[in-house]
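Report on the structure given below.
The values are calculated or read from the model by the stated rules, or taken from the named source; none is laboratory data. Predicted, not measured: the structure shown is a model, and the values here were computed from it. Quick reminder, even Gly has a Cβ in these numbers, built from the backbone with ideal geometry, and neighbours come from all protein chains shown. These area figures cover heavy atoms from the full protein model, side chains too; ligands, DNA and RNA do not enter into them. Shrake-Rupley method; radii C 1.70, N 1.55, O 1.52, S 1.80 Å.
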Amino acid sequence: MIARNAAAATAFALLAGVAAPAALAQDGGLYPDPGAPDASFVRVIAPDANGATIDGQDVDFTEVGVSPYVEVSPGSLVIAGPDGDNEVEVGANTHYTFAGGTLIEDAVKDSPAQADLLLYNLSDHASVDLYAVEADTLALSGVEQGAHSGVGLKAPLTLTFEVRDGDTTLAALEPVDLRRGTGTTVVVSGSGDAVTAGAMTSTYAE
């Protein structure tokens, strides 16, 4: 068992570290070129909300509770959401997510040859893990309540994930297609045994 798990972990590490040839990076939904050299992107995650405003631009939420990213200029801006108006400060050339009243700097590699996998723990569990079934290993571990983590994976590939708290499986996701040059967002919400998880490809407001 130890040897099999070690081999699985090694295989997953290779997925995270090996880049596909640039000539093959032709998947749709690529990260957009920003309109300005120092532009950043901001979005909101709020599973129970219907919409928000980011720097004056209205955005809707998917069924997972994720808004599109909105391109913004570095500096101060206001995010108006379910918990009122929040003034935040953003830097240059960075992806951000506003969730649970906190602005989070996303772990986005923005690589045309890899897929970004991001998990946000909005549940009441102190920490959760994201387990990759096919690789028989943890894709992301110890993601604390109200926080997030991310990893870049070789793509394209399809993986099935489970959200776990220790040895307990809290939620299982449908198979997730990971595509080159895109980000996949997994949102974990709920409390106790009533935890839900959903995944979606990150999108950008036009």
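Details
- Of the peptides 82-88, 150-156, the order by per-residue mean of other Cβ atoms within 10 Å, starting with the highest, comes out as 150-156, 82-88.
- Rounded to the nearest 10 degrees, the angle from helix 2-17 to the longest Cα principal axis of the chain is 40 degrees.
- Gyration tensor verdict on the chain (Cα atoms; rounded if a/c is under 1.5, prolate if a/b is larger than b/c, oblate otherwise): oblate
- In Å², nearest 10: area of Glu144 left accessible to a 1.4 Å probe: 120 Å²
- Only Lys, Arg (+1) and Asp, Glu (-1) charged, at Cβ; the chain dipole about Cα centre in debye: 820 debye
- Accessible area per residue, Å², segment 105-206 with all protein chains present, probe 1.4 Å: 41 Å²
- Charged side chains reduced to their Cβ positions (Lys and Arg at +1, Asp and Glu at -1) give segment 107-205 a dipole of some 480 debye around its Cα centre.
- One decimal place: the segment Val78-Glu174 gains 31.1 nm when fully extended, by the rule 0.36 nm per residue minus the C-alpha distance.
- Ordered by solvent-accessible area of protein heavy atoms (1.4 Å probe), largest first, the residues Glu63, Glu206, Glu174 come out as Glu206, Glu63, Glu174.
- Cα centroid separation, segment 177-197 to segment 79-158 (Å): 9 Å
- Tensor-based shape of segment 54-118 (alpha-carbon gyration tensor, a/c under 1.5 rounded, otherwise prolate or oblate): oblate
- Gyration tensor over alpha-carbon atoms, segment 107-205, equivalent ellipsoid semi-axes in Å: 22, 14, 11
- Figure legend: label point modelled 7 angstrom from the Cα of Asp48 along Cα→Cβ; residues of segment 72-112 with amide N under 16 Å from it are 81-84, 99-102.
- Using a probe of 1.4 Å, the accessible surface attributed to His148 totals some 40 Å² when neighbouring protein chains are kept in position.
- Area of Arg179 that stays accessible when all protein chains are in place (1.4 Å probe, Å², to 10): 80 Å²
- Additional length obtainable on full extension of the chain from Ala92 to Leu157, 0.36 nm per residue less Cα span: 20.3 nm
- For Ser127, distant residues with modelled amide H under 5 Å away: Gln145
- Here the label points at Ala194 and Asp124, each 7 Å from Cα along the C-beta direction, are separated by 0.9 nm in the simple model.
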